[in-house]
């Protein structure tokens, strides 16, 4: 589908969701992260969803930069790797029995670079990116909301005991910066 004056968009991305006694969810770790297991990330996703007030399931893919670049090119028309992308489910799909809010894809490579540059663990950086992605799935948009998402992310970061939030560390005092616009 081609939007007037915009990038060519492909169909939405859907990850396969497996049922479990704790609810439907999926975390795929295609890249190993020191100090972060699949179950640890699943627990964090649940905590972050609850903190954001998002009842639906969130699927998370942790992969490499070439795959994020491919997804970014295909779905946003931007031919470059990025740290996090969010793919909200269409409203009709959110009303189904599985109730999936959407999918979050994260580059472990960029998370590792950011963690090294900012002086915290890769596991913490992944959690920061998950939180950012979940906020997008909940309807926040830092490119157009006059700092609302940044304020929410900052408050939730403190609540979840995380380092500086993704938007917060990229911009001076609540104002959107060009560097911030590169994130999903």
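Each reported figure results from applying straightforward, stated rules to the coordinates on display, with no laboratory input. Small disclaimer: the values here were computed from a predicted structure and weren't measured. Here the Cβ is made from the backbone with ideal geometry for all residues, glycine too, and neighbour counts use every protein chain on show.
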Could you list log10 I(q)/I(0) for segment 52-133 at q = 0.14 Å⁻¹, which the Debye formula gives when each Cα is one point scatterer? -0.51
Please rank 107, 39, 154, 70, fewest neighbouring Cβ atoms within 10 Å first, as an exposure proxy. 39, 70, 154, 107
Against the 2.2 N^0.38 Å scaling, with N counting residues, where does segment 29-95 land? I'd like the Cα-based Rg ratio to two decimal places. 1.27
Could you give the length gained on full extension between residue 118 and residue 99, defined as 0.36 nm per residue of separation minus the Cα-Cα distance, in nm? 3.3 nm
May I ask what percent, to the nearest 5, of DSSP beta bridges between residues of segment 26-171 are antiparallel? 35
Nitroxide proxy distance, nm - points 7 Å out along Cα→Cβ at residue 34 and residue 47: 2.1
Put one equal scatterer on each alpha carbon of segment 26-171, apply the Debye formula with no solvent term, and list log10 I(q)/I(0) at q = 0.12, 0.14, 0.16, 0.20 1/Å to two decimals. -0.45, -0.62, -0.83, -1.36
